[in-house]
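Okay, structure first, notes after.
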Amino acid sequence: MKLLFVGTNPEPTGAATHFVALAQAMVEAGHSVDAVVYPDGPVAQGLSGSGARLYPAHFRNAFDLRGYAATLAAIRRQRPDWLVGNFGKEYWPLVLLGRTLGIPVALFRHRTPRMKRFSAFLLPRLAQRFYAVSRHARQAYLDQGIPGHLVRVMHNPVNLASCRPDPERRRTILRSLAIPEDAIVLGYFGRMHGGKGIFTLMEAAGEAMAREPRLHCLWLGDGPEAPALRAQAATQALGHRHHFAGWHHDVHPFYSAISMLAFPSIATETFGRVSVEAQAAGLPVLASDIGGVPETLRDGITGRLLPPGDVPAWRDAILALCDPAVRLPMGAAAQEFVQRNFSTAVIAEQFAHSLAEVRPRRSLFSRGSDASRG
């Protein structure tokens, strides 16, 4: 199958990470993948060396003629079986190009806010496939009036090799942060703002540290409330056990450094890729029972689902996972869970099967090819 992915968003968003992971998964599964991407952006960097042919472009909006020209050039060169889009600015360009040229279109939506009425009505009907990235998101779209038969769920794929734990890497990272090698490290990886539940986690971790002398907390990320979070840590008696590593483009090496991951959001999350990646690294996850997060783990088996904002519940769950007899079996179960449900091979097979169910259309290019052969 020949797939042209079109994603020219220049920002390092979750949708960009999904775009890269899915394109890589399809390459690994033996499909021909080309991609129209923002030059030198996070998507282009992520797909560099993947085997996908890249075309530089940027859709500034749905009317950007230069974006259309670059995409049309890629279509003429590859003659794809499908156009795949991940970002809102490219939904209409892909649908218009697909309808004009007779190429089916698959669109992914990563957010739950309501689309404009015109787009919400037409896009799921004009695209041959319209995907939500979680059951939670799908239900949100149905509640907004999109018919259920038009919306399918396709979860984020995770590259297991990129999450493989590395003991030497763990030692190096802990040493660089002045964390003892025998420490139990609770990790938070993500944006630092109130909706992510960071202040709940800070308070719960502080209370847990008072009972568990080996417990440290590694904060990876940045955001508008990072200064306030650091200030809160400074007020704690054991504040020196909170370690702020800042923002990193590639978080995968840091999974080796932690013992468990916290995902404490108090605002609704569409999915929760960091939860799946942590489990792929053999780590149990403590996560808020909110939005699409419950789809990322098995409560009581690969981690725990906890009430958002409930400091005592989070404190007790952190302390429970400080016991290796509880933590290690959960970590082992977590790796198996991700392998079975979110690995690149599994998601690539599901995606290819879903696309293959659509009856092929005769594109302008295929008609030209037939004529030239005749």
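Structure values in brief
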| read-out | value |
| --- | --- |
| Cα gyration tensor category, rounded, prolate or oblate, for the stretch 1-96 with a/c compared to 1.5 | oblate |
| Euclidean distance of C-alpha centroids, the stretch 271-287 and the stretch 155-195, integer Å | 11 Å |
| Per-residue [θ]222 nm for the chain (sum of -39500 (n - 2.57) over DSSP H runs n ≥ 4, rounded to 500) | -13000 deg cm²/dmol |
| Fraction of accessible area attributable to carbon and sulfur, the stretch 264-359 (%, probe 1.4 Å) | 52 percent |
| HN-Hα J in Hz across the stretch 217-222 - Karplus 6.51, -1.76, 1.60, θ = phi - 60°, x for Gly and Pro | 10, 10, 9, 10, x, 8 |
| Cα gyration tensor shape for the stretch 226-265, rounded if a/c is under 1.5, else prolate or oblate | prolate |
| Lys, Arg +1 and Asp, Glu -1 on Cβ, resulting dipole of the chain about Cα centre, debye, nearest 20 | 1640 debye |
| Between 0 and 90°, nearest 10: helix 311-321 axis offset from the chain longest Cα axis | 90 degrees |
| In Hz, Karplus ³J(HN,Hα) per residue of the stretch 104-116 (6.51, -1.76, 1.60; θ = phi - 60°; x = Gly, Pro) | x, 10, 10, 10, 10, 10, 10, 10, 9, x, 4, 6, 4 |
| Rounded, prolate or oblate (a/c below 1.5 giving rounded, otherwise prolate when a/b exceeds b/c) for the stretch 41-146 by Cα gyration tensor | prolate |
| Distant-in-sequence amide H partners of residue 309 (H built 1.01 Å from N, under 5 Å) | none |
| Signed unit charges on C-beta, dipole axis of the chain, positive-most listed residue 251, 161, 29 | 29 |
| Within the stretch 1-126: Cβ-based charge dipole about Cα centre, in debye rounded to nearest 20 (Lys, Arg +1; Asp, Glu -1) | 540 debye |
| Debye, to nearest 20: dipole size of the stretch 218-311, +1 on Lys, Arg Cβ, -1 on Asp, Glu Cβ | 260 debye |
| Length-normalised contact order for the stretch 168-266 - Cα pairs under 8 Å, 6+ apart - percent | 43 percent |
| Of 237, 309, 104, farthest towards positive along the dipole that unit charges on Lys, Arg, Asp, Glu beta carbons give the chain | 104 |
| Per residue accessible area of the chain, 1.4 Å probe, in Å² | 43 Å² |
| In order through the stretch 237-246: 3J(HN,Hα) via Karplus (6.51 cos²θ - 1.76 cosθ + 1.60), integer Hz, x for Gly, Pro | 4, 10, x, 5, 8, 9, 10, 9, 9, x |
| Percent RCO, i.e. relative contact order, over the chain, from Cα pairs under 8 Å lying at least 6 residues apart | 15 percent |
| C-alpha long axis of helix 117-126 to longest principal axis of the chain, angle in ° | 70 degrees |
| Furthest towards positive pole of dipole, 284, 328, 183, structure part the chain, Cβ charges | 284 |
| Candidates 89, 196, 116: whichever shows maximal mean-square fluctuation once the chain is modelled as a Gaussian network with Cα springs under 10 Å | 116 |
| Accessible surface of the stretch 118-250, 1.4 Å probe, proportion on carbon and sulfur as whole % | 54 percent |
| Highest-fluctuation residue, 23, 161, 332 considered, GNM on the chain with Cα pairs under 10 Å | 161 |
| Helix 167-176 axis, angle to the chain major axis (alpha carbon atoms, nearest 10°) | 60 degrees |
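The values are calculated or read from the model by the stated rules, or taken from the named source; none is laboratory data. Please read these numbers as outputs of a predicted model, since none were measured by experiment. Note: ideal-geometry Cβ built from the backbone for every residue, glycine included; neighbour counts use all protein chains shown. Note: areas computed on protein heavy atoms with side chains; ligands, DNA, RNA excluded. Shrake-Rupley method; radii C 1.70, N 1.55, O 1.52, S 1.80 Å.
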